[in-house]
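First up is the structure itself, then whatever we jot down about it.
Computed from the coordinates by the stated procedures, all read-outs in this text should not be read as laboratory data. Because the structure is predicted, anything quoted here is derived from the model rather than measured. Heads up, the Cβs are rebuilt from the backbone with ideal geometry, glycines too, and the neighbour counts pull from every protein chain shown.
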Amino acid sequence: MSVCIGENVNDELVCGVCLDSFNDPVEIRRCGHIYCRKCLTGMKDCPTCREPIESTVAPNRAIVNMALNVQVKCMKCGWKGTRESSNKHVCSSKTKKEAQAAAAPPVQPAQPAPSMNRPPPSNAAPSPAPYTYNFDQFQGYPGAAQAPAPAPTGLYYNGQPTPQPNQAPPQIQSNRRYEVIEPVGNYPWNLYGLTQEEYDQIVSIFVFFDADDSGTLDRQEVSRLAHWLNFARTEAEVNRIFMDMDADGSGSLSQGEFLTWLKYNKPNPKALYGLNQKQYNTIMMQFHGYDRNQDGCLEFEEFAQLVLNLGDVSSREAAMKLFGMIDRQRKGSIDLHQFLTFRAGKVV
């Protein structure tokens with residue numbers, strides 16, 4: 001499985017859903033907006049103008065050709081090439097090692113595996129993980145100014161926070177309190193207590209992380225999703241989340257299982273920087289999508305490309321000035337906490 005991200009992409013070739021260069025672009029017939037075919041999967045309305053999607057057509061051939069020739073880089077093995085050639089790219093031995101790790105027995109809570117991402121610099125403030133079980137029972141992670149102190153690092157544990165250092169770990173068991181709800185009918189978002197926009201975003205996220213286009217998410221795909229959206233920090237936490245999401249024990253998640261789990265596991269408002277869930281998810285996808293080496297920080301070039309593509313600034317000079325305002329410690333990079341704080345003041 002490869003994850004190829006565009007480099008130095010022209011604004012006209014950026015998909016408004018995945019914020020990456022077009023991959024198999026399609027044009028919505030009625031309004032003319034263009035997105036990746038995969039990003040529109042499951043959507044009923046245009047993400048930009050909210051006009052109903054009646055049908056799609058191939059965009060102007062010139063746009064298609066430019067999109068095919070965008071230079072991309074594989075975030076797993078470092079391979080570089082065009083967007084067109086990336087569709088045939090297969091990662092090297094690194095992917096095989098990850099597959100072996102994913103097939104290994106679940107890590108016990110008492111001995112958590114290291115996080116899949118390199119830890120942030122020691123002077124970077126930790127970013128709160130927003131999702132908790134029964135968060136009224138404990139504080140959740142420190143986030144915006146409202147959260148007074150750190151709390152347990154366990155995110156999900158069937159209604160219980162992860163045990164603290166002096167406590168024995170509880171036995172992992174299934175205490176699922178709900179039945180899976182499948183997305184059926186003309187207004188499936190109502191089944192999950194979501195607006196149509198929230199529902200469309202969640203479906204788009206599901207499709208984005210479904211790297212093999214199987215229609216389901218396997219353990220490895222859920223791990224990447226969980227780290228990108230800050231559901232979990234360690235593979236032990238991913239294991240606990242995956243076990244609870246996978247209602248039928250099949251080893252993969254359907255959209256129904258994913259949506260149902262989110263319905264009953266709401267994010268802790270104290271950890272969302274004053275944002276709603278849709279805004280928070282969008283910002284997390286932006287950060288990780290432009291964090292090319294996945295080191296948990298944005299270097300200037302990564303940050304500049306992001307804010308230029310979003311229209312926050314109109315020049316590299318303005319991007320440099322904004323970068324300096326955010327990077328007050330002059331580390332030469334912006335961590336996730338700093339980026340969330342910045343975006344929370346300028347909601348997308």
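Listed by chain and number, the aspartates and glutamates placed with their C-alpha closer than 16 angstrom to that of residue 88 are 24, 212, 213; residues fewer than eight positions away on the same chain are left out.
A Förster radius of 25 Å, combined with the Cβ-Cβ distance separating residue 212 from residue 293, puts the computed FRET efficiency at roughly 0.60. Taking a ≥ b ≥ c as the square roots of the Cα gyration tensor eigenvalues, with a/c under 1.5 meaning rounded and otherwise prolate when a/b beats b/c, else oblate, which class fits region 291-348? Taking the square roots of the gyration eigenvalues as a ≥ b ≥ c, region 291-348 is rounded.
With neighbours defined as other Cβ atoms within 10 Å of a residue's Cβ, the residues 44, 88 order from fewest to most as 88, 44.
Between residue 197 and residue 316, what's the calculated FRET efficiency when r is the beta-carbon distance and R0 is 25 Å? Round to 0.05. Don't skip to the end; give the middle numbers.
Numbers: r = 32 Å, r/R0 = 1.30.
Rounded to the nearest 0.05, the efficiency is 0.15.
Region 15-89: which GluC sites (Glu not before Pro) are DSSP loop and have at most 13 other beta-carbon atoms within 10 angstrom? Walk me through the numbers before you get to the answer.
Working: sites: 27, 54, 84; in loops: 54.
Qualifying residues, ordered by number: 54.
Between residue 184 and residue 62, residue separation times 0.36 nm minus the direct Cα-Cα distance comes to 40.1 nm. Translational diffusion of region 188-344 was estimated from the Stokes-Einstein equation, with Rh taken as the Kirkwood radius over Cα pairs; at 25 °C and 0.890 mPa s the coefficient is 145 µm²/s. Counted residue by residue at 0.36 nm each, then reduced by the alpha carbon distance between them, the extension gain from residue 45 to residue 82 reaches 10.3 nm. Remark: 325, 245 ranked as 325, 245, counting other beta-carbon atoms within 10 Å and listing the fewest first.
Within 10 Å, count the other beta carbons around each residue, average over each peptide in 185-198, 274-287, and list them highest first.
On the way: 185-198: 14.2, 274-287: 19.6.
Listed from highest to lowest mean packing, they are 274-287, 185-198.
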